[in-house]
Amino acid sequence: MYSVIFCMTEFSLGMILPSRSALITGITGQDGSTLASLLLDKGYKVFGLRPYASVDDTKNLISILDDIILIDGDVTDTSNLTRILERTKPDEIYNLAAMTHVGVSFSMPEATCNINAQGVVRLLEAMRTVGIDKSARFYQASSSEMFGNAPAPQSEETPFAPCSPYGCSKLYAYWMVRTYRQAYGMHASNGILFNHEGPHRGAEFVTRKVTRALGEFLSGRKEPLPLGNLEARRDWGHAHDYMRGAWMMLQQERADDYVLATGQTRSVREFVNAAFSLAGFALVWEGQGTHEVARDAISGQVMVRVDEALFRPLEIDQLKGDSSKARSILGWEPEISFEAMVEDMVLADAPSLLNKKRYA
Ligand code: GDD
């Protein structure tokens, strides 16, 4: 499958460009691959920036590899970005490249800021250097993590209070985008996205960690799934809805900043229960704090255990977004419910359920 990868170096881009083109940084991730499919469906020419990786990182792109143009590039290198923009001259730029794991950002704060914060400045400056700052539209993947523990529901008016190196890096980028918009009249927008998930979600994020483990339990896994804070509450939506919203932001005459969220919040524990119940497991939770476990009510097997090492030095207790602005101005609203999102992920990781119909 991987043999058909069409990957170009920045020096081999001499093609004729169609009427609408987009450059996606971070195209190999969940959001990048989802957005690439969406833009291809709309007839865009899609360029994807792909940082050097010694292992194949294109599994999320398998179905569209023949239709996109992957370019070796990295938001940590200004001259590289400038040459790529010079050759591609995209109409729209979606900056999705990031070190996205909040927990990991505590152990590598400098690298997080280099990619997430400085990376945005490099891209915006490269746009100016190449002279596409007035013609190209720019989307920045801002994050609800910037709100920290600000009172819910959080909207565009809520004062930011990040409590992770990741959140701080994203807030720096957010302000840079606003500053370049105001200073240079750039069409640059921030999408302040709450958690969004799907089958392409990285295995290190809690939802995918749970659905992957569920698939393994159905194939005979014996050891319990270790999890951290079960009480944290997140506003979980589906990545497909959120990337549609990102595209809608760039179709507006005026650039602006928008929260995308479902407005509903659930705990990690609730997510676990919802996913496992789709496979016919009824979890019974026993014990307290770091000694808590969840057993399958029928077999008695311990399926989840709390692991202190997975707790973060600082945690956001609850994220719950108010996306009224996006709903009224963009006409955006999430179409995929929490239940459908969980089912989409569970069925992708446990395809045997499709045939056995063990779930309701
Ligand atoms: N990753 C992970 N692994 N999280 C766990 C675990 C575990 O084993 N156990 C409990 N959690 C809790 C975390 O402490 C957090 O409160 C919650 O589950 C969600 O964690 P993640 O799935 O890692 O997502 P996140 O909320 O930290 O960040 C995601 O959403 C942001 C938007 O608010 C990421 O996608 C960020 O890049 C994004 O900006």
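The values are calculated or read from the model by the stated rules, or taken from the named source; none is laboratory data. None of these values were measured; they are calculated from a predicted model. Cβ coordinates were reconstructed from backbone atoms using ideal geometry, including for glycine residues, and neighbour counts include every protein chain displayed.
One table, with the values for the structure above:
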item	result
Those residues of the range 146-157 which are within 11 Å of the ligand (Cβ to nearest atom) and not in a helix (DSSP H, G or I), in sequence order	Gly148, Gln154
Enumerated helices (runs of 4 or more DSSP H) restricted to the range 158-257, each holding at least 3 residues that are within 13 Å of the ligand (Cβ to nearest atom), in the same structural domain as Val302 (by TED's automatic domain parsing) and surrounded by 20 or more Cβ atoms within 10 Å (Cβ to Cβ)	206-218
Candidates Ile329, Ile316, filtered to the one that is assigned to a helix (DSSP H, G or I), in contact (Cβ under 8 Å) with a residue 24 or more places away in the chain and out of contact with any Asp or Glu (no Cβ under 6 Å at 6 or more places or on another chain)	Ile329
Any hit, the range 132-145, residues being among the charged types (D, E, K, R), within 16 Å of the ligand (Cβ to nearest atom), modelled with pLDDT of 95 or more and part of a helix (DSSP H, G or I)	yes
The range 258-280, residues that are in a helix (DSSP H, G or I) and within 19 Å of Asn95 (Cβ to Cβ)	none
Some residue of the range 291-302 being among the polar types (S, T, N, Q) and within 16 Å of the ligand (Cβ to nearest atom)	no
Subset of the range 188-232 [over 28 Å from Gly321 (Cα atoms) and aromatic (Phe, Trp, Tyr)]	Phe217
All positions within the range 86-102 that are more than 10 Å from the ligand (Cβ to nearest atom), hydroxyl-bearing (Ser, Thr, Tyr) and within 30 Å of Arg312 (Cα to Cα)	Tyr94
Qualifying position, being surrounded by 14 or more Cβ atoms within 10 Å (Cβ to Cβ), in contact with a Pro (Cβ under 6 Å, 6 or more places away or on another chain) and not hydrophobic (A, V, I, L, M, F, W, C), among Asp296, Asp322, Asp349, Asp307	Asp322
Check on Leu260, touching a Leu at 6+ places or on another chain (Cβ under 9 Å) and more than 16 Å from the ligand (Cβ to nearest atom)	no
The range 262-291, residues that are of a type in the set (Ser, Thr, Tyr) and in contact (Cβ under 8 Å) with a residue 40 or more places away in the chain	Thr262, Thr265, Ser277
Matching residues in the range 281-313 - criterion: being in a loop (DSSP other than H, G, I, E, B) and in contact with a strand residue (DSSP E or B) (Cβ under 8 Å, 6 or more places away or on another chain)	Phe281, Ala282, Gly287, Glu292, Ala297, Gln301, Asp307
Per-region count, the range 40-73, residues among the acidic types (Asp, Glu), assigned to a loop (DSSP other than H, G, I, E, B) and within 19 Å of Asp91 (Cα to Cα)	1
Residue check for Asp317: out of contact with any His (no Cβ under 9 Å at 6 or more places or on another chain), within 16 Å of Leu218 (Cα to Cα), within 16 Å of the ligand (Cβ to nearest atom) and among the charged types (D, E, K, R)	no
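Listed here are the residues, each with its yes/no results for (1) over 20 Å from the mean Cα position of the chain (by Cα); (2) of a type in the set (A, V, I, L, M).
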position	(1), (2)
Leu96	no, yes
Ser135	yes, no
Phe138	no, no
Glu156	no, no
Leu171	no, yes
